[in-house]
Structures are given as C-alpha cells and as structure tokens.
Amino acid sequence: MSATPSNMQVLSPLREAWRVFSRNKAAMLGLLLLVCVTLVMLLGPGLYGVKPFEIMGAPFTEPFTDRKLWLGTDYLGRDILAGMLVGGRATVMVGLAAAVITVSIGVTVGSLAGYFGGWIDSMLSRLTELFQVLPALLFAMVLVTLFEPSLGVVIVAIGMVSWTGTARLARAEFMRLRGLEYVSAARAMGASHLRLMLREILPNALPPLIVSATLIIGVAILFEAGLSFLGLSDPNVMSWGLMIGANRRNILECWWAVSFPGGAIFLTVLSVSLVGDGLNDALNPKLHLR
C-alpha cells in the first residue's frame, strides 16, 4: 500500500506536464512535425537508395518533371531528394551534438558560479561576459578555419560560442535554490558540495534548462546551415546548408535546389521552437495554476 502513493507522487508531475503540453495545439503541431522529420531522416535514405553526390540526370532538371527525380536536380545533376534525405541527418545530428556541448559547458560554468558565489562567481561571470560579447558567427568561423573543416570541428565551434545563455540561466537557478530549506537541511546532514549540486539543486533546476536546451537545438541547426552556406563545413558530408551554399550562384535557374533544403531547415527549426514553447508551459508550475 505504501508504494502506491509514492508512485503517484512521481507520476503526477509528469502527467500534469503532459496534460498542459497536449493542450497546446502549437506544441502538438511542432511535435508532430518533429516526429515526421525524424522518421523521414531515419527511414528515407534506406528506402530511396540514391547517394546524394552521384550524378543522376541532366543539370537543372525541374521538380516533378521526371518520375525518377521527384524534386529535380541541381547544377551538377545531383538528385535533390537524395540530398534532402541524407543531408537532414547531418544537419540535425550537428544540432543535437552542439546542443549537448552547449548545455554541458553552460550548466557547468553556471552551476559553479551560482553555487559557490564569491570570487568563483566573479571570475566565471567575467568569462561568460567575454564570450557573450564576441561575435558568435565570426568566432565560429575562425575556429573552423584554424582546423580542417569537419562535422566534429563544426559541432565544437557551435558549442563554444553558444553556451553563455545557458550559463546565465543555470547561475540564476543555482543562486535561487542554494538557500532553500531542503538544501540547508542536506548541508547540515553532512552532504558534500558535489552531492548538493547534483542530487539536491540540479534536479530542481532542470525544467528551465530543458527548455533552453530544446531551443538551442534550433539555433545550432541554423548555425550549421550558415557555416555550410559559407563553405566552412565538411564538403564530403551532405547537409541542407551545404546544398544551399553549393547552389546559391544558380538560384535563378535552379530555385528548387535552394528552396527545398531551406524549407526543410525552416520547418525543423519551427517544430523545435514550438516544442520548446510547449515545454516551457508544461514545466512552469506558475502556468499550471492559470
């Protein structure tokens, strides 16, 4: 009998969050779009079976004019649909990996600054402000240029320039939570600093950090597209940004080679943003009371 109330206490917040999230029509639309994009990226390349860098037809083949080339070809004769299916994997993978690096750096810096305060807070806050005032795109371009362009370098570059917002948010949450009674009680019982940060404070600071991480994915996808557009990504790995950059000089003769990957980036980032807004509503207790 004692296990049932405990289970209810664990599941009730999750059910309440899902109830609020599911009532948000925009968030549900974003979730549906995100699921569709994920399924197409995972299953599409295997089902379609065409390599994105192979010459499949005449250059500038318009979409829906050839049964074998549904979305047409680019200026070299490469299949646009094959590039869309394969390129989505690289674009979204970069977004997810860069978001992980961004959140890891931001939470580490922000938690240390917010928990310890004093000179540690002052030093880390100045470091955060230094990175915050740097031109993010220019700094990322310098990092990618210094090393051989690859997806790994692009991921690290995006993570290195995007963590400041997460750090400031984590710092504010840790400063707010460190003085609460349950943290003071755990400290009085002899809990170490590491245990207090990881077991007591961090779980209660997760809701806004989860929302921030979700929105960072969209920012990282746009960042990767921008770097690929400028030719600062791995030219041997197809991505939506690379497709746009490679065909930008022929946009008047081959508009579809730019419009289709651009539309895919727009829909993916839009879906991530809608899901992030829905999570913000679902994980905010104040909005539940409304």
Span per principal axis, largest first, for the Cα atoms of the stretch 133-201 (Å): 51, 22, 13
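Based on the Kirkwood radius over alpha-carbon pairs, what is the Stokes-Einstein translational diffusion coefficient of the stretch 184-290 at 10 °C with 1.306 mPa s viscosity, in µm²/s?
93
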Neighbour count of at most 16 Cβ within 10 Å plus DSSP loop: longest GluC sites (Glu not before Pro)-free window in the chain: 55-252
Structure-based [θ]222 nm, the chain - -39500 (n - 2.57) summed over DSSP H runs of at least 4, per residue, nearest 500: -24500 deg cm²/dmol
D (Stokes-Einstein, µm²/s), Kirkwood Cα radius, the stretch 66-154, 0.890 mPa s at 25 °C: 148
Relative contact order (percent, whole number), the chain, Cα cutoff 8 Å, 6+ residue spacing: 26
Hull-based mean projected area of the chain, where the convex hull spans the alpha carbons, in square nanometres: 19.8
GNM result for the chain, Cα springs below 10 Å: residue of 256, 240, 18 fluctuating most strongly: 18
Sites matching chymotrypsin sites (Phe, Trp or Tyr not before Pro) across the stretch 130-189 that sit in DSSP coil, with at most 14 neighbouring C-beta atoms within 10 Å: 147
Sites residue 119 and residue 146, calculated FRET efficiency, Cβ-Cβ separation with R0 35 Å, nearest 0.05: 0.65
Gain in span if fully extended, residue 75 to residue 195, counting 0.36 nm per residue against the direct Cα distance: 37.4 nm
Positive minus negative residues near residue 112 (Lys, Arg vs Asp, Glu; Cβ under 10 Å): 0
Residue 204 paired with residue 39, simple spin-label distance in nm, labels 7 Å along Cα-to-beta-carbon: 4.1
Among 90, 257, 191: highest mean-square fluctuation, GNM of the chain, C-alpha pairs under 10 Å: 191
Taking the convex hull of Cα positions in the stretch 91-226, its mean projected area over all directions (nm²): 8.4
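Since every read-out is calculated from the coordinates, none of them should be taken as a lab result. Values in this document were obtained by computation on a predicted structure and should not be read as measured data. Cβ coordinates were reconstructed from backbone atoms using ideal geometry, including for glycine residues, and neighbour counts include every protein chain displayed.
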